[in-house]
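What follows draws every value from the coordinates through simple rules; no lab data is involved. Keep in mind that this is a model prediction, so the values were computed, not measured. So basically every Cβ, Gly included, is an ideal-geometry build from the backbone, and we count neighbours across all protein chains shown.
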Amino acid sequence: MYFPEVAVIILNWNGEGYLEKFLPSVLASSYPNLKIILGDNASTDNSVHFVRENHPAVYIIQNETNLGFAGGYNQILDQIEADYYILLNSDVEVSPHWIEPVIAMMQADNLIAVAQPKILSYTDKTKFEYAGAAGGFIDKLGYVFCRGRLFDSLETDEGQYNTASEIFWASGAAFFIKKQIWQESGGLDSDFFAHMEEIDLCWRLKNKGYKIMYCPDSEVYHVGGGTLSVESSFKTYLNFRNNLVMLQKNLPKKKVFTIIFIRYWLDLLSILKFMMQGNMKNAFAVNKAHVYFFKNFNKNRKKISESKSIVNLTGIYNKSIVWDFFGKGIKNSRSLFSFSLLF
């Protein structure tokens with residue numbers, strides 16, 4: 001039986017504790033044609049020394065500076081030869097057979113560019129995890145969400161998403177991609193630094209007609225929030241900034257200005273909400289994101305993806321997830337209206 005070569009790349013920044021805890025599960029993977037790489041983003045802790053001393057089978061590539069998730073992976077993957085790349089967070093525990101079903105799925109269809117496993121919570125393995133859950137989707141206004149996780153509402157895994165299916169985006173916590181397609185796409189947008197860069201990449205690939213898939217036969221367990229906490233104002237800045245840039249780059253031309261105009265005013269409501277909560281750091285973070293977006297508007301126009309005549313729209317929710325969640329009180333994906341095409 002043919003097993004294409006797979007490289008698991010763990011991007012690390014000061015994650016010695018996570019590596020000590022979770023790297024053994026990756027090394028115990030049963031996939032026969034596998035190499036494991038630690039890509040280090042200029043850590044200042046003992047993590048590189050720890051891996052070198054305790055896990056000599058792991059190949060180490062070190063960046064001279066912290067280039068973030070996007071730039072860090074771009075630089076590391078330029079130095080790796082394999083048929084498939086798996087971008088894996090350092091705070092993820094994997095099961096022994098987590099690779100085989102995803103690779104088998106991707107091998108069976110040339111149009112599949114990216115896939116993700118089922119992502120459950122490490123702290124409660126009966127529940128889906130925030131960053132990925134059962135696959136990512138996007139609504140008509142560009143808000144992203146997952147099956148199994150709407151905003152901060154997490155579902156219990158009861159087998160409701162145990163069917164392999166096409167999604168809109170795959171989580172960067174455990175991100176499978178064909179090397180050829182990674183190179184063809186140019187990888188992640190380094191300007192994103194962190195947050196939503198994997199969604200931007202998936203959207204660019206869907207604009208070229210490729211498929212993004214969810215594979216429930218593979219399960220991993222994610223801690224989450226390992227680098228930037230949920231309360232981080234820098235994380236808030238990146239999420240608001242990168243979402244606007246992603247919309248500008250990937251929306252159809254006829255939709256760009258309408259959607260961004262609406263989102264701008266909705267973001268202003270977010271600023272007011274933060275201010276009413278006394279959270280001035282997050283309020284300023286959203287404003288800073290807007291300043292960056294408009295200052296770099298012309299620069300990002302040059303990155304607008306060129307779509308093929310057949311664009312893959314699967315995974316776009318033709319309603320507002322914000323209204324459904326906060327207005328209608330819908331708290332889980334099963335209660336949403338059926339997914340439908342937007343454009």
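Only Cα pairs under 8 Å and 6+ residues apart enter the sum, and on that basis the relative contact order of the chain stands at 19 percent. Remark: the range 1-107 is approximated by an ellipsoid whose semi-axes, taken from the C-alpha gyration tensor as √(5λ), come to 23, 16, 11 Å, largest first. What does the extension gain come out to for K303 and Q62, with contour length at 0.36 nm per residue minus their alpha carbon separation? Length gained between K303 and Q62: 83.9 nm.
List residues of the range 96-117, by number, whose backbone nitrogen lies under 17 Å from a label position 7 Å along Cα→C-beta of E184. Once the point is set 7 Å along Cα→Cβ of E184, 106-115 turn out to lie under 17 Å by backbone N, inside the range 96-117.
Annotation: aspartates and glutamates with alpha-carbon distance below 20 angstrom to K21 (same-chain offsets under eight excluded): D40, D45, E53, D91, E93, D124, E129, E219. Label positions at S153 and L111, each projected 7 Å from the Cα along the C-beta direction, are separated by 3.3 nm.
Under 5 Å from the amide H of D45 lie the amide H atoms of N14, each residue being 5 or more positions distant or on a separate chain, with H modelled from the backbone and absent for Pro and chain starts. Mean residue ellipticity at 222 nm, helices only, the chain: -10500 deg cm²/dmol; runs of at least 4 DSSP H residues each add -39,500 (n - 2.57), and the sum is divided by the number of residues. Taking a point 7 Å out from the Cα of H49 in the direction of its Cβ, the residues of the range 1-31 whose backbone N falls within less than 19 Å of it are 12-21.
Across the range 254-259, computed HN-Hα scalar couplings (Karplus, 6.51 cos²θ - 1.76 cosθ + 1.60, θ = phi - 60°) run 6, 9, 4, 5, 5, 5 Hz from first to last residue, x flagging Gly and Pro.
State the extension gain, in nm to one decimal, for the chain segment bounded by N33 and K125, taking 0.36 nm per residue of separation less the distance between their alpha-carbons.
Values: separation 92, 0.36 × 92 = 33.12 nm, distance 2.82 nm.
Extra length available between N33 and K125 comes to 30.3 nm.
Pairs from the list K127/K255; K127/K235; K273/K319 with a Cα-Cα gap above 27 Å: K127/K255. Annotation: for a label point projected 7 angstrom from Cα along Cα→Cβ of D217, residues of the range 146-174 with backbone N closer than 18 Å are 159-167. Can you give the FRET efficiency for H290 and Y2, using 1/(1 + (r/R0)^6), R0 = 41 Å, r = Cβ-Cβ distance, to the nearest 0.05? That pair, H290 with Y2, gives E of 0.20. Taking amide H positions as modeled 1.01 Å from N, with prolines and chain starts lacking one, the residues under 5 Å from S165 and 5 or more places away or on another chain are Y214. Ranked by the mean number of other Cβ atoms within 10 Å of their residues, highest first, the peptides 210-222, 280-292 come out as 210-222, 280-292. Between S218 and K118, the built amide H atoms are under 5 Å apart, and every one of these is 5 or more places off in sequence or on another chain.
Couplings 3J(HN,Hα) for the range 199-210, derived from phi with the Karplus relation 6.51 cos²θ - 1.76 cosθ + 1.60 (θ = phi - 60°), are 5, 4, 5, 4, 5, 4, 5, 5, 5, 9, x, 7 Hz, where x marks Gly and Pro. For the range 233-311, with the dipole built from +1 on Lys and Arg beta-carbon atoms and -1 on Asp and Glu ones, taken about the Cα centre, which of M276, M246, N287 lies farthest toward the positive end? Result: M246, furthest along the dipole toward the positive end.
Which of the GluC sites (Glu not before Pro) found in the range 1-97 are in a DSSP loop and have at most 10 neighbouring Cβ atoms, other than their own, within 10 Å?
Listed in order of number, the matching sites are E64, E81.
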